[in-house]
Amino acid sequence: MEQGSRRESEQSPVPCASVAGRSLGGQARTLAAAARVPEQARGEHTHSEPSAPRAVQRHSVRGQILEALRAALVGGELIPGQVYSAPALGARFGVSATPVREAMQQLAREGAVEVVPNRGFRVSERGPRELAELAEVRALVEVPVWLRLARAVPAGRWVLLRPLAQATVAAARTGDPANYAECDRAFHRAVLALSGNEQLVAVADDLHRRSQWPLAGGPVGRPADLSADAAEHVALLDALVARDLTAAQSLVRAHFAATED
């Protein structure tokens, strides 16, 4: 189970890439160009209709907007406590309110926003206690798996994760918290995927995403913190490739302890 399939062992993970790393305005321009649907398909009017609109399946548009909104949350562009309306955000993205509303409803299910009847969605305000609780649950879920994998997975498999670890270092240098959040989660997903347990990967990734939302009134992804976190990824892989289990165990525990601070 922990060794995974032969095909997985022979392929390197794809480095992180998403709409993260661009401002909400940049995401809006990209989505307006790539995810626009015809007016008759939307049922709602939007600004600047293209001369030759192309149909895009609604779930595709919603998915792109959902990722853009998640990046905006992590990057602090959507401010905790503020209310945002689907029509207003739709106008910024160049799409109708419907896919934006659907994306925001998904964020509401995840706890990132709250529905405000007849107004829109309020970005949830989180305090240090909630963040600490999420960090504790993440450690309970991930640390035992990492330690088990450290003993069971051969060095050659760990080497394949180096591009993802280096991607977190590069993302940290940009100082963009949304870009770093995406790369950070991609690295952790790849490690946990070595367990062969898809449910574990999904649950851990959801906890990880929620832990990345900023605190109300708190700092948003300081570059020094991002760089320190990324450096731990590289150090962890170095220890795992070298089969230094003592160092790997110490680094794993320290990495997750840092998320509780």
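All of the numbers you see were taken from the coordinates with simple rules; none came from a lab. Because the structure is predicted, anything quoted here is derived from the model rather than measured. Positions of Cβ are generated from backbone atoms using ideal geometry, with glycine treated the same way; all protein chains shown enter the neighbour counts.
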The stretch 108-173 and the stretch 239-261: distance between their alpha carbon centers, rounded to Å:
16 Å
Please arrange 142, 130 by how many other C-beta atoms lie within 10 Å of their C-beta, fewest to most.
130, 142
Mind giving me the nanometre distance, one decimal, between the label points for residue 238 and residue 173, set 7 Å out from Cα along Cα→Cβ?
1.7 nm
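Could you order the peptides 180-190, 157-167 from most to least packed, using the average number of other C-beta atoms within 10 Å per residue?
Result, highest mean Cβ count within 10 Å first: 180-190, 157-167.
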FRET efficiency, residue 83 to residue 129 (Cβ-Cβ, R0 25 Å, nearest 0.05)
0.55
Show me the ranking of peptides 230-239, 99-108 by mean Cβ neighbours inside 10 Å, starting with the highest.
99-108, 230-239
Please arrange 98, 174, 168 by counting, for each residue, the other beta carbons lying within 10 Å of its beta carbon, fewest first.
174, 98, 168
